[in-house]
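To start, the structure under review is shown below, and the notes come after it.
What follows draws every value from the coordinates through simple rules; no lab data is involved. Since the structure is predicted, the reported quantities are computational estimates derived from the model, not experimental observations. Here Cβ is always computed from backbone atoms with ideal geometry, including for glycine, and neighbour counts include all displayed protein chains.
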Amino acid sequence: MSVTLWVVLGILAFIVLSCIGLYNNLVILKNRFKNSFAQISVQLQRRYDLIPNLVETAKKYMQYEQETLTQVINARNSASEANKAAGANPADGTSIKALGAAEAGLTKSLSGFFALYENYPDLKANQTMQQLMEELTSTENKISFARQAYNDSVMFYNTGREQFPNSIIANMFNFAPAELLEVEDEAAKKAVKVSFD
């Protein structure tokens, strides 16, 4: 009888230890994607800090483009607020989606700004503006890499939480799926028109 008891206790201990291991693995995966989001957030904040300097430098030259400059600042402020909300809880899919939408709006307004920027040769020649543009370009590249790392971490987490037997532990302890950070670029979706006229 004691051998049967030891076998049952051994099986129970194995099950408990396995559940603890699965739970801890899910916690590790969740913390990785949260850390990856923190890396994006740092780069986004750097971009948000650069934009007012860009706009302030451009104001001298783009006196008749106040609406565009205001749109850039408003989009920057919306994206900054969305970043703060998402940073408070990167596991909240709604705030990640809102950040993606706000970033798309900021990208759109910056595209309008850059289109106008091309029409002002004096502004393009301004050394401060050139330095800010270089910093912004560098930051955009860092954001792209950080977003890719975040999305990879989210994919690993979501895959881990959906695999059996992890899915049992994930459902028991409310490990919700994480959202990818996707910035919708409407220009990228349009078909390219080629003309040989």
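Per-structure values
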| item | result |
| --- | --- |
| Separation between Cα centres of the range 1-67 and the range 162-186, rounded to whole Å | 12 |
| Theoretical gain in end-to-end length, A176 to F156 [0.36 nm per residue, Cα-Cα removed] | 5.9 nm |
| Footprinting exposure proxy for F37, F145, F164, F156 (fewest neighbouring C-beta atoms within 10 Å first) | F164, F145, F156, F37 |
| Computed helical MRE - 222 nm, the chain, DSSP H runs ≥ 4 contributing -39500 (n - 2.57), nearest 500 | -28000 deg cm²/dmol |
| Relative contact order (%) - criterion: Cα under 8 Å, at least six apart; region: the chain | 32 |
| 15 Å beta-carbon shell around V27, net charge (K/R +1, D/E -1) | +4 |
| Per-residue HN-Hα couplings for the range 20-37 [Karplus 6.51, -1.76, 1.60; θ = phi - 60°; Hz; x = Gly/Pro] | 4, x, 5, 4, 4, 5, 5, 4, 4, 4, 5, 5, 5, 6, 5, 5, 4, 5 |
| Packing-based exposure ordering (other Cβ within 10 Å, fewest first) of E182, E103 | E182, E103 |
| For Rg and Dmax of the Cα atoms in Å, calculated from these coordinates, the label among (1) 24.1, 93; (2) 27.8, 111; (3) 30.3, 117 | (1) |
| Net charge of neighbours whose Cβ lies under 12 Å from the Cβ of S36, counting Lys and Arg as +1 and Asp and Glu as -1 | +3 |
| Choice from G21, G105, G93 with maximal GNM fluctuation in the chain (Cα, 10 Å cutoff) | G21 |
